[in-house]
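Working notes for the structure below.
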Amino acid sequence: MAEPRVLHLVTDPRGRGAQNLARDLHGELLRRGVPSTLRSLQPHVDAPAPHDAPPLGPSRYHPSTLRALREAARTSDVVIAHGSSTLQACAVGLFGSPTPFVYVNIGDPRHWTASPARRLRVGAFLHRAAAVSAISDGARDVLVERFRLPAQRVRTIPNGRAADRYRPAADPAERAAARKELGLPADGPLVAWIGALAPEKRLDVALAALDRFPDVHLAVAGDGPLKGTYRPHPRAHFLGRLADPAPLYRAADALLLSSDSEGVPGVLIEAALAELPIAATDVGWVGDVVLDGTTGALARPGDPAALAEALGRVLGGDRAALGSAARAHALGRFDLDVVTDAWQQLVHQVARRR
């Protein structure tokens, strides 16, 4: 039986959470011999050049973009829509098309459908999907209950990353080399913060927590709308967006996540695979990766003191044991091989129903 032809659709070619999952899944499917294509709805000024996700049109919902999406879907058996903008584009652009689409929900739907009007609109779009993928059983329950989706159409498939891309530092010498490469302090505890410089990521909370640790340095990797708005901090090092975050994981002693809203962030999986213990806010389904007291520590969101307490537990604990447990947990649940197996199963099921 021929493998179904898959079209992955992302909002734009940047290296954000939804796009990273799409790229990894696309690459692994190609490696397995599955016909797979990656496209984006629109260009973005912050996208790397060159990139691997050619835009379909000038903006997300422009008529020419939706026409190009419909045309691209004609040569595909299944469209996988990664990210909230792609849900609307597929629901509208593929209406009446024989090609089904699967929507990948990576965030917390309680956060991005807070208003009744948005909930109704998103629910209507979700009901047009042949299937919906949730990154956690908790997210699946929310999707089914909040939008009255048929339970059999909502599948839990975790976020995933390729384990070999995020290997731990082999020894202290490799850790020191990674710090030197990134221009980071050679000595003392180093905590990594990786994400978009956006309001919901709450870097301000992370910086306030850092004030409570006079000997700890924070390496901030990311870009976004709040770039340049944070107060200078003598122990915060702004690295900008890293094309490859793996060296930072090898350089760091722990990862800090300070968000007000998340699903199951890929950055947590990457850090866990790299054997980094994690201090994180307990939002969305972060607890699927960060097992409090076993792979890291959790704190209530929006509270610098609580986040500092969690970070203190990580830095003051047995970091080697926490990191080892984090990697073992991530390998068993979030390794890309395991995740791709589940995706291939779902793609075959959806394609057979055409």
Any hit, region 154-167, residues being modelled with pLDDT of 95 or more and at positive phi: no
Qualifying residue in region 261-274 (condition: farther than 29 Å from SER84 by Cβ and in contact (Cβ under 8 Å) with a residue 12 or more places away in the chain): no
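Yes/no matrix, rows are residues, columns are (1) at positive phi; (2) aliphatic (A, V, I, L, M); (3) touching a helix residue (DSSP H, G or I) at 6+ places or on another chain (Cβ under 9 Å):
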site	(1), (2), (3)
ALA208	no, yes, yes
PRO232	no, no, no
PRO247	no, no, yes
ALA251	no, yes, yes
PRO277	no, no, yes
Residue tally, condition in a helix (DSSP H, G or I) and under 21 Å from the mean Cα position of the chain (by Cα), over region 154-212: 11
Any hit, region 215-238, residues being under 16 Å from the mean Cα position of the chain (by Cα), within 19 Å of PHE334 (Cβ to Cβ) and open to solvent by 40 Å² or more (accessible area, probe 1.4 Å): no
Those residues of region 107-145 which are among the polar types (S, T, N, Q) and assigned to a loop (DSSP other than H, G, I, E, B), in sequence order: THR113, SER115, SER136
Test result for ALA22, of a type outside the set (D, E, K, R) and over 29 Å from ARG241 (Cα atoms): no
ALA117, sole failed condition from (1) more than 30 Å from GLY240 (Cβ to Cβ); (2) out of contact with any strand residue (DSSP E or B) (no Cβ under 7 Å at 6 or more places or on another chain); (3) small (Gly, Ala, Ser); (4) modelled with pLDDT of 95 or more: (4)
Selection count where residues are free of Cβ contacts under 8 Å to residues at least 60 places away in the same chain and of a type outside the set (A, V, I, L, M), scope region 133-183: 16
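The rows are residues; the columns are (1) touching a Ser or Thr at 6+ places or on another chain (Cβ under 9 Å); (2) farther than 23 Å from VAL154 by Cα; (3) surrounded by fewer than 16 Cβ atoms within 10 Å (Cβ to Cβ); (4) touching a residue at least 40 places away in the same chain (Cβ under 8 Å).
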| position | (1), (2), (3), (4) |
| --- | --- |
| ALA306 | yes, yes, no, no |
| GLY316 | no, yes, yes, no |
| ARG319 | no, yes, no, yes |
| TRP343 | yes, no, no, yes |
| LEU346 | yes, no, no, yes |
Hits in region 161-205 - residues which are touching a His at 6+ places or on another chain (Cβ under 9 Å) and surrounded by fewer than 22 Cβ atoms within 10 Å (Cβ to Cβ): LEU182, GLY183, LEU184, PRO185, GLY188, PRO189, GLU200
Selected residue (only one of HIS329, HIS348 is more than 20 Å from the chain's Cα centre (by Cα) and within 24 Å of ALA18 (Cα to Cα)): HIS348
Cβ-Cβ under 6 Å pairs, at least 6 apart or on other chains, region 47-67 side closer than 11 Å to ASP12 by Cβ and aliphatic (A, V, I, L, M), far side open to solvent by 60 Å² or more (accessible area, probe 1.4 Å) and part of a loop (DSSP other than H, G, I, E, B): none
From the options ASP244, ASP282, residue that is modelled with pLDDT under 95 and open to solvent by 10 Å² or more (accessible area, probe 1.4 Å): ASP244
Test: residue in region 324-337 that is within 22 Å of ALA130 (Cα to Cα), touching a strand residue (DSSP E or B) at 6+ places or on another chain (Cβ under 9 Å), open to solvent by less than 10 Å² (accessible area, probe 1.4 Å) and in a helix (DSSP H, G or I): no
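The values are calculated or read from the model by the stated rules, or taken from the named source; none is laboratory data. Quantities reported herein were computed from a predicted structural model and do not represent experimental measurements. All Cβ positions, even for glycine, are placed from backbone atoms using ideal geometry, and neighbour counts span all protein chains on display. Side chains are part of the model used for accessible areas, which takes the heavy atoms of the whole protein and leaves out ligands, DNA and RNA. Shrake-Rupley method; radii C 1.70, N 1.55, O 1.52, S 1.80 Å.
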